[in-house]
Each structure stands twice: as C-alpha cells, then as structure tokens.
1. Of all residues in the stretch A:110-138, which are of a type in the set (Lys, Arg) and surrounded by 13 or more Cβ atoms within 10 Å (Cβ to Cβ)?
2. Just wondering, is there one or more residues in the stretch A:107-117 that are facing another protein chain (nearest Cβ under 10 Å) and closer than 26 Å to B:Thr11 by Cβ?
3. Might you let me know whether the stretch B:33-42 holds any residue that is in contact with a strand residue (DSSP E or B) (Cβ under 7 Å, 6 or more places away or on another chain), within 14 Å of chain A (Cβ to nearest Cβ) and within 19 Å of A:Ala83 (Cα to Cα)?
4. From B:Ala75, B:Ala71, which residue is at pLDDT 95 or above and open to solvent by less than 30 Å² (accessible area, probe 1.4 Å)?
5. Can you tell me which residues in the stretch A:123-156 are polar (S, T, N, Q) and either farther than 27 Å from B:Pro45 by Cβ or more than 8 Å from every other protein chain (Cβ to nearest Cβ) (or both)?
6. Being over 14 Å from B:Val4 (Cβ atoms), of a type in the set (Gly, Ala, Ser) and in a loop (DSSP other than H, G, I, E, B) is the filter here, so list the residues in the stretch B:22-62 that pass it.
7. Looking at (1) surrounded by 13 or more Cβ atoms within 10 Å (Cβ to Cβ); (2) over 10 Å from the mean Cα position of the chain (by Cα); (3) at pLDDT below 95; (4) on the phi < 0 side of the Ramachandran plot, which is the only condition B:Gly47 fails?
8. Does the stretch A:59-85 hold any residues that are surrounded by fewer than 12 Cβ atoms within 10 Å (Cβ to Cβ) and on the phi < 0 side of the Ramachandran plot, and which are they?
Amino acid sequence: MRIIVGPAARTTISPAILIGPTAPVVVEPARDAAIVVEPQAVLLVEAASSVTVEAPQRAVWDDLGWIRRQDGDRIVYEGTYRARDRRIGQRVEFDGRIVERGRHFQAYIADPPPELRRHPKAPCFTRSNGPWFQVHWYRPARSADEAVLYIEKIIAECLTGDY
Amino acid sequence: MKNVIVSVAGTGGKQEYKDVALLPGTKARDVLNKLSLTGFQLSKPEGGAFGHADDLYASVAEGQKIFATPASVEAGQ
C-alpha cells in the first residue's frame with residue numbers, strides 16, 4: 001500500500017523575513033582641517049670645540065690659598081697654615097701672616113697648637129700681640145713661600161711628635 | 001706610575017717641573033736628586049715635610065702638586 005505523507009492541514013507561511021544590507025555607509029575624511037605633525041625648526045647638536053685651560057705660574061703662597069696685599073712699605077701675606085692631625089684624622093688650620101719688608105720676612109701664627117710647647121723650636125715662637133706668635137729666625141726664610149712651608153713643617157712635627 | 005708637579009718655593013712658579021713621573025718605590029730624595037734640587041726638601045700636600053727616605057710614590061695622588069723648599073730654613077734664637 002502506498003503511503004503518502006503530507007501536511008495534515010493547510011499551513012500558511014508568513015512572508016519571508018528578508019535580511020539584507022541597509023543603505024550603504026560611506027566613510028570619508030572629516031572635513032575639519034587635518035592635524036599636520038611635522039618637525040619644527042631643525043635643531044642641530046654638535047660637539048663643542050675643546051678648550052684647554054692651563055694653570056698660570058703661581059707662587060706657593062698663592063697655590064696654598066694665601067692672599068697678598070700692600071700695606072705702606074710692607075707686603076702682607078695672609079692665610080692659614082695647614083697640617084693633618086692624625087689623631088683625629090682631620091686637617092687642621094691656623095691663621096698665619098707673613099710681613100715682607102725689604103728682604104726680611106717676618107712670620108706669625110695665631111693660636112698655635114698647644115703641642116708646640118713641647119717642640120724643640122718652642123722658644124722661637126714668642127707671643128706678639130693678641131693671639132699672634134712671632135717666629136724668630138736662625139736661618140731666615142728668603143720668601144713667603146719658604147716661611148709658610150717651614151712653619152707648616154713645625155706644626156706637623158708638633159702634632160705627630162716626630163721631631 | 002703617577003705624574004706629579006714639583007714647584008720650587010720662592011720662584012713665583014717660574015721653576016716648576018710638570019709631569020714628573022714617579023714609579024712605585026720612588027723616594028723623596030730620588031726626585032730631588034733627579035731635579036738637581038740639592039739642599040731642598042719636599043713638602044707634603046697636607047702640610048709637613050717628607051723625609052728623604054719617605055716613599056713619595058705612596059703618598060701622592062696623580063696630578064698632585066708638591067713643593068720643594070730649602071731645608072736650611074730654620075727658626076732659632
């Protein structure tokens with residue numbers, strides 16, 4: 001027997017839903033002024049030319065930071081005598097003054113270290129005025145340089161006890 | 001090797017030996033003899049004076065300036 005399969009009842013199919021593109025979309029550049037990025041004025045960086053600075057000739061007193069001034073017929077050098085106190089591991093300084101008159105160089109030191117009292121040259125340092133002690137020469141210094149360096153040597157010997 | 005400058009006291013900087021090259025073990029007297037600075041002593045950078053037999057090389061820094069001054073200067077009464 002032939003079997004026929006078919007709809008049981010009349011079936012109505014609604015109109016098909018048609019899905020399709022909408023109106024085409026056109027994308028075009030904005031009509032605002034474009035932002036242009038470009039380099040500003042060109043910046044050129046180049047190596048600077050090398051410069052050589054050479055220290056001028058200097059006397060020792062100048063190298064050590066002393067200053068020199070004219071005082072009537074005298075030249076006065078003022079600065080500090082330096083030494084290293086190994087007990088405290090620090091540099092110590094004592095105000096100094098050298099007075100040049102003609103070929104004579106008179107040296108002074110202010111408030112020398114108390115250890116000077118035990119140095120063999122202690123009698124050569126006599127109190128002059130206020131805190132100042134005058135140094136008396138046996139073989140005089142012939143320049144402010146020599147005076148400064150000699151007194152620094154004495155101070156160093158005082159602080160180390162090496163004399 | 002260390003290079004130092006030796007400046008002679010009392011010369012206003014006119015007698016200055018630049019680029020004095022020290023080899024390890026160089027003593028103060030070696031420098032004075034080489035520079036013909038008879039009767040001079042070298043002052044330490046921090047004050048004081050080198051003994052003639054002191055190791056100069058070990059006590060100075062590269063490029064440092066040290067001073068030579070007559071050893072005859074003496075205080076006395």
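The values are calculated or read from the model by the stated rules, or taken from the named source; none is laboratory data. Note that this is a predicted model, so its numbers are computed, not measured. Here the Cβ positions follow ideal geometry from the backbone for every residue, glycine too, while neighbour counts run over all protein chains shown. Please note that ligands, DNA and RNA were not included when accessible areas were found on the heavy atoms of the full protein model with its side chains. Shrake-Rupley method; radii C 1.70, N 1.55, O 1.52, S 1.80 Å.
1. Narrowing the stretch A:110-138 to residues of a type in the set (Lys, Arg): A:117-118, A:121, A:127.
Correct list: A:Lys121 only.
2. Looking only at the stretch A:107-117, we keep the residues that are facing another protein chain (nearest Cβ under 10 Å), and these are A:107.
Then drop every residue that is not closer than 26 Å to B:Thr11 by Cβ, which leaves A:107.
Yes, the stretch A:107-117 contains a residue that is facing another protein chain (nearest Cβ under 10 Å) and closer than 26 Å to B:Thr11 by Cβ.
3. Of the stretch B:33-42, the ones in contact with a strand residue (DSSP E or B) (Cβ under 7 Å, 6 or more places away or on another chain) are B:35, B:37, B:39-42.
From the residues that got through so far, the ones that are within 14 Å of chain A (Cβ to nearest Cβ) too are B:37, B:39-42.
Remaining after also requiring within 19 Å of A:Ala83 (Cα to Cα): B:41-42.
Yes, the stretch B:33-42 has at least one match.
4. Values: B:Ala71 fails: open to solvent by less than 30 Å² (accessible area, probe 1.4 Å).
B:Ala75 is the lone residue from the list that is at pLDDT 95 or above and open to solvent by less than 30 Å² (accessible area, probe 1.4 Å).
5. The initial filter retains those residues of the stretch A:123-156 that are polar (S, T, N, Q), namely A:126, A:128-129, A:134, A:143.
Across the stretch A:123-156, the qualifying residues are A:Thr126, A:Ser128, A:Asn129, A:Gln134.
6. The answer is B:Gly25, B:Ser36, B:Gly39, B:Gly47, B:Gly48, B:Gly51, B:Ala53.
7. Of everything listed in (1) surrounded by 13 or more Cβ atoms within 10 Å (Cβ to Cβ); (2) over 10 Å from the mean Cα position of the chain (by Cα); (3) at pLDDT below 95; (4) on the phi < 0 side of the Ramachandran plot, B:Gly47 misses just condition (4).
8. A:Ile67, A:Arg69, A:Gln70, A:Asp71, A:Asp73 - these are the residues of the stretch A:59-85 that are surrounded by fewer than 12 Cβ atoms within 10 Å (Cβ to Cβ) and on the phi < 0 side of the Ramachandran plot.
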